[in-house]
Amino acid sequence: MPHRRHAPRGEAKAHHKIIFTGPVGAGKSTAIAALSDFPPVQTDEIASDMTQGRKVHTTVALDYGAFSLADGVKIHLYGTPGQERFNFMWDILTQGGLGLILLLDNSRADPFRDLRFFLGAFKDFIARTQAVVGVTHCDDKPLPSLPEYRDELQRLGYADMPVLATDPRQHADVAELLRNLLYRLDPDLKNAHA
Amino acid sequence: MKTARTPQSAAPTPIVLLACGSRDTTVLEMIIQRFLSGEFVIVGQSRAEMAIIDGDSATAKKAMTEWRIHRPDAVALMLTLKPGVDSPQLVHFRKPIDVDGLIAVLKKLRAALLNPVAPLPSFRAPRPVAVPVPAATSKETASPRTRVDFDRPVAAPVAAPVVAPIAAPVAAAPKVAPVVAPVTSPVSVPEPISAHHQVSLMDNNTQDLEGRDYCGSAEDVPADLLHTVDCLRPDQAIQLYFDTDTRLLGLLRLAGKLAQTSKQATCIRGLERPLIVLPDTPMSVISPIKDGALRALCNTSLFSETVGLGMSSARHPDDVSYGYDELLWKVTLWTARGRLPRGADPHQPVRLRSTPDFARFTATPYAEAICRLWTQEDGLSPVATAARLRIAQRYVFALYSALRMLDLIETRPTPRVGESAPQSYADAVKTSAPKSRHSLLQGILMKLDNAA
């Protein structure tokens, strides 16, 4: 009987993922586009049900982008479907994830409710990894302010979770979010110019 | 005899997922179960009247060929990055999968099946809209990898319950008492594989034999959190433990014990096709169920109303013979997917009664290194073993599960609370700093900084 050995591919071909989540219209697709080395794969369809009125198109599938590191390792960027009815996919999506970037749309009626919802939904994943919060659409609606977000995070038991105002169209803004996440994951990291 | 285009209108349409990766399969399965539960039911190929095929997978062509042999007139929905021309029997759906679109297409296909007079409509999912990437970040224009690579168990070809149940002959059999006869395919189709061939468990080319298939892809549970996992809470326990009672694994073990004690062939009935454990020396199993379907069954809850044990040695023309121990080993790996059997203590030191013969049993990644540690006098616990070897816990847990199901493990008492862990464990944890992760994160940071 032939004896087939299996290469330990768990490490060799690990699937390094960063997860973007947040409510409909928060800018997940755009943020992934800002970081991805190639035009991200996404499926924006005419919005239906709860998303109507918020934006014309919304993601009902998964956003996917990626960038490659100098050594060829690929970092995959996944955006969760914004609609809550697809949240059964989230557990699978987060498997193997390095960390979570939560984008919140400040112009929504109750962004703190969104904050609580997503922190609760990804509670286990955050416990295993780390998360940062990016607040979008601050130009449209400046309140709640970032200090108010920090107070709310403190109340929820995430006192040290970074929260930043973010324009997901700007690479620098999204990169700063990711940079914060990296430092949360490993405080010993050194920046390139150190 | 039913034809491919005339399913019973009230019954859900039986559908099979072919050539789909395990993660994709899980997502498709969840979509169908959640949004199309009354309209579709996922079954094995022999019962299916419609197929979903991953057109971009390496085995797509083979799957399509087999599907055509099996059901020449039935509809296949091909998920693909590059949709071709639709035909009455082949409908393309563009990837990435848009859930709402897929649901709509499946509903239309079902409607067309229920109304065979009307021609099958042509479907084409809309082309994905790509958000333009800022010029500064568009460093590549290569085709993106669009396949969402989920990893989960594959769909379950369990037959529907039919025929009057018969009392089970095993008094001790938990949750598996009623016996039902296997369901036959609604259409008699010649199998493309010759009958009565003895196959090696290692030689199935249709199986993806990477470690992931046997050990899953679960994340490590931090050693300190392992103590707090509450086995009674499904949300916590499912990450670490698997249950054997309601799985094929539990039935197979039970059938093995029954065959051994009664010296009679014992049949697991109620599956799509029966599995018969023969009380030979060494014990063997015969069944027309091939590896792929067996693997799918391993991750399916088998309900007592549909599945049970019985005495039977009725042969099937397509029977394949497996060694009992080898099959039990493999079924355990497929069921465990890198987890421990419920009740196992991940901190309990392990010692092997005997080293498994990896010429017979599927060797999981690091299996020999792990076994070496477990044959030493001061055996390590599964958690300490993973830390010592600096490997993912899933590799250790998977092997532990297989060894335990074959009664090859001799466990030792867990260190008492307050008692220091064995030195080797402490050393192992201390020396397992996540250097590879540090360099990975450092690499990401460099990428961001250089881009800036």
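The values are calculated or read from the model by the stated rules, or taken from the named source; none is laboratory data. The model shown is predicted, which means the values in this text are computed figures rather than measured ones. Neighbour counts run over all protein chains shown; Cβ positions are idealised from the backbone, glycine included.
Please indicate, with yes or no, whether at least one residue in the range B:324-331 is assigned to a loop (DSSP other than H, G, I, E, B) and either closer than 19 Å to B:ILE289 by Cα or over 21 Å from the mean Cα position of the chain (by Cα) (or both). For the range B:324-331, residues assigned to a loop (DSSP other than H, G, I, E, B) and either closer than 19 Å to B:ILE289 by Cα or over 21 Å from the mean Cα position of the chain (by Cα) (or both): absent.
Every residue, every condition in (1) over 23 Å from A:ILE92 (Cα atoms); (2) modelled with pLDDT of 60 or more; (3) at the interface with another protein chain (Cβ under 10 Å from one of its Cβ atoms); (4) in contact with a His (Cβ under 9 Å, 6 or more places away or on another chain), yes or no:
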| site | (1), (2), (3), (4) |
| --- | --- |
| A:ALA26 | no, yes, no, yes |
| A:GLU45 | no, no, yes, yes |
| A:GLY53 | yes, no, no, no |
| A:TYR64 | no, yes, yes, yes |
| A:GLY79 | no, yes, no, no |
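Residue count for the range A:138-174 under the criterion of being within 12 Å of another protein chain (Cβ to nearest Cβ) and either surrounded by 17 or more Cβ atoms within 10 Å (Cβ to Cβ) or of a type in the set (D, E, K, R) (or both): the result is 6. With respect to B:ALA344, determine if the residue is hydrophobic (A, V, I, L, M, F, W, C), touching a helix residue (DSSP H, G or I) at 6+ places or on another chain (Cβ under 8 Å) and not in a loop (DSSP other than H, G, I, E, B). Judged against the criteria, B:ALA344 is not a match. Would you confirm whether or not the range B:300-310 contains a residue that is modelled with pLDDT under 80, over 21 Å from the mean Cα position of the chain (by Cα) and acidic (Asp, Glu)? Yes, because at least one residue in the range B:300-310 is modelled with pLDDT under 80, over 21 Å from the mean Cα position of the chain (by Cα) and acidic (Asp, Glu).
Restricting attention to the range A:109-124, which residues are surrounded by 20 or more Cβ atoms within 10 Å (Cβ to Cβ) and either in contact (Cβ under 8 Å) with a residue 60 or more places away in the chain or closer than 12 Å to A:THR21 by Cα (or both)?
Of the range A:109-124, the ones surrounded by 20 or more Cβ atoms within 10 Å (Cβ to Cβ) are A:111, A:114-115, A:118-119, A:122.
Selection gives A:ASP114, A:LEU115, A:PHE118, A:LEU119, A:PHE122.
Consider the range B:360-380 and keep the residues that are hydroxyl-bearing (Ser, Thr, Tyr) and under 20 Å from B:GLY323 (Cβ atoms). The one that is surrounded by the most Cβ atoms within 10 Å (Cβ to Cβ) is B:THR364.
Any residue at all in the range B:29-52 that is acidic (Asp, Glu), in contact with a Phe, Trp or Tyr (Cβ under 6 Å, 6 or more places away or on another chain) and either surrounded by 18 or more Cβ atoms within 10 Å (Cβ to Cβ) or away from chain A (no Cβ under 14 Å) (or both)? No. Checking each residue of the range B:315-327 against the condition of being surrounded by fewer than 17 Cβ atoms within 10 Å (Cβ to Cβ) and touching a Gly at 6+ places or on another chain (Cβ under 9 Å) gives no match.
Scan the range B:51-103 for residues that are part of a helix (DSSP H, G or I) and among the aromatic types (Phe, Trp, Tyr) and jot them down.
As a first pass, look at the range B:51-103 and keep what is part of a helix (DSSP H, G or I): B:60-70, B:99-103.
The one that is part of a helix (DSSP H, G or I) and among the aromatic types (Phe, Trp, Tyr): B:TRP67.
Results for (1) surrounded by 15 or more Cβ atoms within 10 Å (Cβ to Cβ); (2) facing chain A (nearest Cβ under 10 Å); (3) closer than 20 Å to B:ARG351 by Cα; (4) modelled with pLDDT of 90 or more, shown as yes or no for each residue.
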| position | (1), (2), (3), (4) |
| --- | --- |
| B:PRO382 | yes, no, yes, no |
| B:ALA387 | yes, no, yes, no |
| B:PRO413 | no, no, yes, no |
| B:GLN423 | no, no, yes, no |
| B:ARG437 | no, yes, no, no |
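Within the range A:125-138, the only residue that satisfies the criterion of being assigned to a helix (DSSP H, G or I), in contact with a helix residue (DSSP H, G or I) (Cβ under 8 Å, 6 or more places away or on another chain) and free of Cβ contacts under 8 Å to residues at least 60 places away in the same chain is A:ILE126.
Please pick out the residue among A:LEU177, A:LEU103, A:LEU185 that is of a type outside the set (S, T, N, Q), closer than 16 Å to A:PRO23 by Cα and either within 14 Å of chain B (Cβ to nearest Cβ) or buried (at least 20 other Cβ atoms within 10 Å of the Cβ) (or both).
Values: A:LEU177 fails: closer than 16 Å to A:PRO23 by Cα; A:LEU185 fails: closer than 16 Å to A:PRO23 by Cα.
Result: A:LEU103 is the single residue among A:LEU177, A:LEU103, A:LEU185 that is of a type outside the set (S, T, N, Q), closer than 16 Å to A:PRO23 by Cα and either within 14 Å of chain B (Cβ to nearest Cβ) or buried (at least 20 other Cβ atoms within 10 Å of the Cβ) (or both).
For the range B:76-96, which residues satisfy the criterion of being surrounded by 20 or more Cβ atoms within 10 Å (Cβ to Cβ), within 14 Å of chain A (Cβ to nearest Cβ) and either at pLDDT 80 or above or out of contact with any Pro (no Cβ under 7 Å at 6 or more places or on another chain) (or both)? Within the range B:76-96, B:LEU79, B:PHE93, B:LYS95 meet the criteria.
Residues are listed down the side, and each one gets a yes or a no for (1) surrounded by 22 or more Cβ atoms within 10 Å (Cβ to Cβ); (2) among the β-branched types (Val, Ile, Thr); (3) more than 29 Å from B:ALA384 (Cα to Cα); (4) at pLDDT 60 or above:
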residue: B:GLY211; (1), (2), (3), (4): yes, no, no, yes
residue: B:LEU248; (1), (2), (3), (4): yes, no, yes, yes
residue: B:LYS257; (1), (2), (3), (4): no, no, yes, yes
residue: B:ILE289; (1), (2), (3), (4): yes, yes, yes, yes
